[in-house]
1. Which of the cysteines found in chain A have nothing to pair with, since no other Cys Cβ lies under 4.7 Å from theirs?
2. Cα centroid distance between the range A:65-114 and the range A:10-36, in Å?
3. Report ³J(HN,Hα) in whole Hz for each residue of the range B:73-85, in order, from the Karplus equation J = 6.51 cos²θ - 1.76 cosθ + 1.60 where θ = phi - 60°; Gly and Pro get x.
4. Assuming a ≥ b ≥ c are the square roots of the Cα gyration tensor eigenvalues, decide whether the range A:55-112 counts as rounded (a/c under 1.5), prolate (otherwise, with a/b larger than b/c) or oblate.
5. Could you give the size of the charge dipole of the range A:30-114 about its Cα centre, using +1 on the Cβ of each K and R and -1 on the Cβ of each D and E, expressed in debye and rounded to the nearest 20?
6. Can you tell which of A:G62, B:I13, B:G100 lies farthest toward the positive end of the dipole of the protein assembly as shown, using +1 and -1 charges on the Cβ of basic and acidic side chains (Lys, Arg; Asp, Glu)?
7. Keeping every protein chain present and rolling a 1.4 Å probe, give me the accessible area per residue for chain B in Å².
8. Under a point-charge model restricted to the Cβ atoms of Lys and Arg (+1) and Asp and Glu (-1), what is the dipole moment magnitude of chain B relative to its Cα centre, in debye to the nearest 20?
Amino acid sequence: AQKVTQAQTEISVVEKEDVTLDCVYETRDTTYYLFWYKQPPSGELVFLIRRNSFDEQNEISGRYSWNFQKSTSSFNFTITASQVVDSAVYFCALCQGNTDKLIFGTGTRLQVFP
Amino acid sequence: EAGVTQFPSHSVIEKGQTVTLRCDPISGHDNLYWYRRVMGKEIKFLLHFVKESKQDESGMPNNRFLAERTGGTYSTLKVQPAELEDSGVYFCASSRGRSGLNTQYFGPGTRLTVL
């Protein structure tokens, strides 16, 4: 069975705090892809990152970083020095290698207060 | 390059009525997907077109939902007759190629409310 779990429903932080959003996935496939999307208040889903199962290298993009660990089936997302504009719902998603559909977690709502 | 667009942004209809949602993918993207998020739950896959052909419609909830993509360009998703449980946000996405190798880019969604 394939599944994505985002156990944190809502997180509130104050600006400049670091925050980590957790994502745990389940799949039997050896080839798969993991994604993070951001949904700001305007509603659209904005693509943030894609990783494939053979590349466990962590990635950093500005204040964003992602920690992919196959041993714990996790693909966590950290925002460093959070800003009010980071307030959004963040979705983690899985795509198994032999399919085209994304399997989403339930999302984590992040609120960053000034 | 224009992103994925969806129309309308909001639709409020009464139970039993018909609604048609439209999605215009990114130009050149052969793959088009429909997803739905019912209140508070995860975003769920509905179906996938490759050009004008339905590649996977395993997520379509029932035969009240009909998706088309004539000519392989824009797509429509018709709900007829609408039921209360159809309320939610309907997202469309498109990608150049298939599988997770190709990122799916999403539109802003259509919020459907069935009263």
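The values are calculated or read from the model by the stated rules, or taken from the named source; none is laboratory data. This is a predicted model, so every value here is computed, not measured. Neighbour counts are summed over all protein chains in view; Cβ atoms, including those assigned to glycine, are modelled from backbone coordinates with ideal geometry. Note: areas computed on protein heavy atoms with side chains; ligands, DNA, RNA excluded. Shrake-Rupley method; radii C 1.70, N 1.55, O 1.52, S 1.80 Å.
1. Cysteines of chain A left without a disulfide-compatible partner: A:C95.
2. So the two Cα centres are separated by 3 Å.
3. Per residue, the Karplus-derived 3J(HN,Hα) values read 9, 6, 10, 10, 10, 9, 10, 8, x, 6, 10, 4, 6 Hz.
4. oblate
5. Magnitude of the dipole: close to 100 debye.
6. It is B:I13, whose Cα lies furthest towards the positive end.
7. Computed with neighbouring chains in place, this is 49 Å² per residue.
8. Magnitude of the dipole: close to 100 debye.
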